[in-house]
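K.L.:
Handing you this structure, nothing more for now.
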Ligand SMILES: [Zn+2]
């Protein structure tokens, strides 16, 4: 299936279909991309990272930027949004990982590319793991608990989580389920995992950017926005928690950068009308999302395209112009599958 997908991406790339998709999906809008952590595989210990899709090797990052520079005029986020031009691009990073300073910043500087970094302000300068890395660590440990004991423990949990205790679940699938679970269900799982396997230690070294690094980057065309204080999914929060996350993180960014206003990035790109209105009411300039709801295109839900190893290398780990171009046209797995169906390449029952 993977090689079929790769083949179809090549066909899409070398045919005119891509142009059609690009105009229908991005609809003439500027291209806004986002990354997470950029690491140097020979030097950086990223064993703390339980979600490997967030990691991008610095060599691949450099190749992607070269590709973007060749095909787009790269400007800062605000200018890109204002331009309304599909020939313009902006580069952003979510979470505020230290590798953005250590590995991405020298390349951005060298290539004179501006960027915006969205900070999880409660974790600045910290080596503590965010909730999904905690869950990934706990899940790995859970799999080491003897199966008999695990299954017995599983009998005490609600149906939502029982399969975690009886099967070998995929980490990313479990994290996705956690995002959509109710508060009671999330609290239940967190409590039982803590009880069973404990909580992970902090990483061996600092994971997130420090104030000094932020100041240095600011002098070289890097701007900063807020990505909440603790990176909850915003739809989890009650009204007070929602306001606190928005105002606290905005205040921290303002204090660090001296700016009087900044942009917001929805954690995991998840928002509804309620969160959109809350971001607007909090006084942000605007907000970026992921590509979950590309049909919502106002200043408080600017769509972005994620660039990771899979979406830019077609699975090989080496930069692929075809895979990257298809990704930049706004075609993710779901859209690619629907295109495959419409071309008759897949039967409707085929699994991705
Ligand atoms: Zn994030």
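K.L.:
So for the stretch 40-61 (the condition being more than 17 Å from residue 111 (Cβ to Cβ), assigned to a loop (DSSP other than H, G, I, E, B), within 16 Å of the ligand (Cβ to nearest atom) and modelled with pLDDT of 95 or more), does at least one residue qualify?
P.N.:
No, the conditions are met nowhere in the stretch 40-61.
K.L.:
Just checking, which of 204, 225, 269 is under 22 Å from residue 49 (Cα atoms) and within 16 Å of the ligand (Cβ to nearest atom)?
P.N.:
The conditions single out 269.
K.L.:
Return the residue satisfying two criteria in turn: it lies in the stretch 80-91 and is without any contact (Cβ under 8 Å) to a residue 60 or more places away in the chain and surrounded by 20 or more Cβ atoms within 10 Å (Cβ to Cβ), and of such residues it is nearest to the chain's Cα centre (by Cα).
P.N.:
Kept after step one, since they are without any contact (Cβ under 8 Å) to a residue 60 or more places away in the chain, are these residues of the stretch 80-91: 80, 82-85, 87-89, 91.
So of that shortlist, the ones also surrounded by 20 or more Cβ atoms within 10 Å (Cβ to Cβ) come out as 80, 89, 91.
Working: 80: 20, 89: 18, 91: 13 Å.
Among those residues, the one meeting the criterion is 91.
K.L.:
Name the one entry in 235, 324 that is within 16 Å of the ligand (Cβ to nearest atom), assigned by TED's automatic domain parsing to the domain that holds residue 56 and either in a helix (DSSP H, G or I) or within 23 Å of residue 115 (Cβ to Cβ) (or both). If you could, list the steps in order and put the result at the bottom.
P.N.:
On the way: 324 fails: within 16 Å of the ligand (Cβ to nearest atom).
From the options 235, 324, the qualifying one is 235.
K.L.:
Residues 145, 151, 117: which one is over 19 Å from residue 185 (Cβ atoms), surrounded by 13 or more Cβ atoms within 10 Å (Cβ to Cβ) and free of Cβ contacts under 8 Å to residues at least 24 places away in the same chain? Let's see the steps before the verdict.
P.N.:
Numbers: 145 fails: free of Cβ contacts under 8 Å to residues at least 24 places away in the same chain; 117 fails: free of Cβ contacts under 8 Å to residues at least 24 places away in the same chain.
Exactly one of 145, 151, 117 is over 19 Å from residue 185 (Cβ atoms), surrounded by 13 or more Cβ atoms within 10 Å (Cβ to Cβ) and free of Cβ contacts under 8 Å to residues at least 24 places away in the same chain, namely 151.
K.L.:
Let me ask you something else. Take the stretch 217-232 and flag every residue that is in contact with a helix residue (DSSP H, G or I) (Cβ under 8 Å, 6 or more places away or on another chain) and assigned to a loop (DSSP other than H, G, I, E, B). Step through it out loud before you land on a result.
P.N.:
Kept after step one, since they are in contact with a helix residue (DSSP H, G or I) (Cβ under 8 Å, 6 or more places away or on another chain), are these residues of the stretch 217-232: 217-218, 220-232.
Hits for the stretch 217-232 are 220, 221, 227, 228, 229, 230, 231, 232.
K.L.:
Regarding residue 340, is this residue outside any loop (DSSP other than H, G, I, E, B), more than 16 Å from residue 265 (Cβ to Cβ) and modelled with pLDDT under 70?
P.N.:
Working: outside any loop (DSSP other than H, G, I, E, B): yes; more than 16 Å from residue 265 (Cβ to Cβ): yes; modelled with pLDDT under 70: yes.
It is true that residue 340 is outside any loop (DSSP other than H, G, I, E, B), more than 16 Å from residue 265 (Cβ to Cβ) and modelled with pLDDT under 70.
K.L.:
Could you list, in sequence order, the residues of the stretch 207-216 that are in contact with a helix residue (DSSP H, G or I) (Cβ under 7 Å, 6 or more places away or on another chain) and away from the ligand (no atom under 16 Å from the Cβ)? Give the derivation first.
P.N.:
Filtering the stretch 207-216 for residues in contact with a helix residue (DSSP H, G or I) (Cβ under 7 Å, 6 or more places away or on another chain) gives 208-209, 211, 213-214.
Selection gives 211, 213, 214.
K.L.:
Counting only residues that are out of contact with any helix residue (DSSP H, G or I) (no Cβ under 8 Å at 6 or more places or on another chain) and either part of a loop (DSSP other than H, G, I, E, B) or more than 24 Å from residue 288 (Cα to Cα) (or both), how many does the stretch 115-137 have?
P.N.:
Selection size over the stretch 115-137: 5.
K.L.:
Taking residue 299 and the conditions (1) in a loop (DSSP other than H, G, I, E, B); (2) away from the ligand (no atom under 16 Å from the Cβ); (3) in contact (Cβ under 8 Å) with a residue 60 or more places away in the chain; (4) under 19 Å from the mean Cα position of the chain (by Cα), which numbered condition does it fall short on, given that it satisfies the others?
P.N.:
Just one mismatch for residue 299, condition (4).
K.L.:
Looking at the stretch 151-170, can you tell me whether even one residue there is under 27 Å from residue 279 (Cα atoms) and in contact with a helix residue (DSSP H, G or I) (Cβ under 7 Å, 6 or more places away or on another chain)? If you could, list the steps in order and put the result at the bottom.
P.N.:
Start the filter on the stretch 151-170 by keeping residues that are under 27 Å from residue 279 (Cα atoms), which leaves none.
So far as the stretch 151-170 goes, no, none of its residues is under 27 Å from residue 279 (Cα atoms) and in contact with a helix residue (DSSP H, G or I) (Cβ under 7 Å, 6 or more places away or on another chain).
K.L.:
For residue 276, indicate whether it is in contact with a helix residue (DSSP H, G or I) (Cβ under 7 Å, 6 or more places away or on another chain), part of a helix (DSSP H, G or I), away from the ligand (no atom under 16 Å from the Cβ) and in the same structural domain as residue 64 (by TED's automatic domain parsing). Before you say what the answer is, go through the steps one by one.
P.N.:
Numbers: in contact with a helix residue (DSSP H, G or I) (Cβ under 7 Å, 6 or more places away or on another chain): no; part of a helix (DSSP H, G or I): yes; away from the ligand (no atom under 16 Å from the Cβ): yes; in the same structural domain as residue 64 (by TED's automatic domain parsing): yes.
No; evaluated as a whole, the condition is false for this residue.
K.L.:
So, one more: Counting just the residues of the stretch 92-109 that are within 16 Å of the ligand (Cβ to nearest atom) and within 22 Å of residue 30 (Cβ to Cβ), which one comes out surrounded by the fewest Cβ atoms within 10 Å (Cβ to Cβ)?
P.N.:
Residues of the stretch 92-109 within 16 Å of the ligand (Cβ to nearest atom): 92-100, 104.
Those left that are additionally within 22 Å of residue 30 (Cβ to Cβ): 92-94, 100, 104.
Working: 92: 22, 93: 27, 94: 28, 100: 26, 104: 27.
Selected residue: 92.
K.L.:
Considering 272, 184, which residue is exposed (fewer than 14 other Cβ atoms within 10 Å of the Cβ), over 25 Å from residue 109 (Cα atoms) and more than 20 Å from the chain's Cα centre (by Cα)? Show your work before the answer.
P.N.:
Details: 272 fails: more than 20 Å from the chain's Cα centre (by Cα).
Answer to the check: 184.
K.L.:
From the list 112, 150, 162, which one is assigned by TED's automatic domain parsing to the domain that holds residue 80, over 20 Å from the mean Cα position of the chain (by Cα) and either in a helix (DSSP H, G or I) or away from the ligand (no atom under 16 Å from the Cβ) (or both)?
P.N.:
Details: 150 fails: assigned by TED's automatic domain parsing to the domain that holds residue 80; 162 fails: assigned by TED's automatic domain parsing to the domain that holds residue 80.
Criteria check complete, one pass: 112.
K.L.:
Given the condition modelled with pLDDT of 90 or more, more than 16 Å from the ligand (Cβ to nearest atom), over 23 Å from residue 232 (Cα atoms) and not in a helix (DSSP H, G or I), answer yes or no: does some residue in the stretch 138-147 qualify?
P.N.:
no
K.L.:
Between residues in the stretch 226-237 that are closer than 21 Å to residue 209 by Cα and residues that are in a strand (DSSP E or B), which pairs lie under 6 Å by C-beta distance while being six or more apart or on different chains?
P.N.:
226/264; 227/94; 227/118; 227/119; 227/265
The values are calculated or read from the model by the stated rules, or taken from the named source; none is laboratory data. Source: prediction; values computed, not measured. We place every Cβ from the backbone using ideal geometry, glycine too, and count neighbours over all the protein chains shown.
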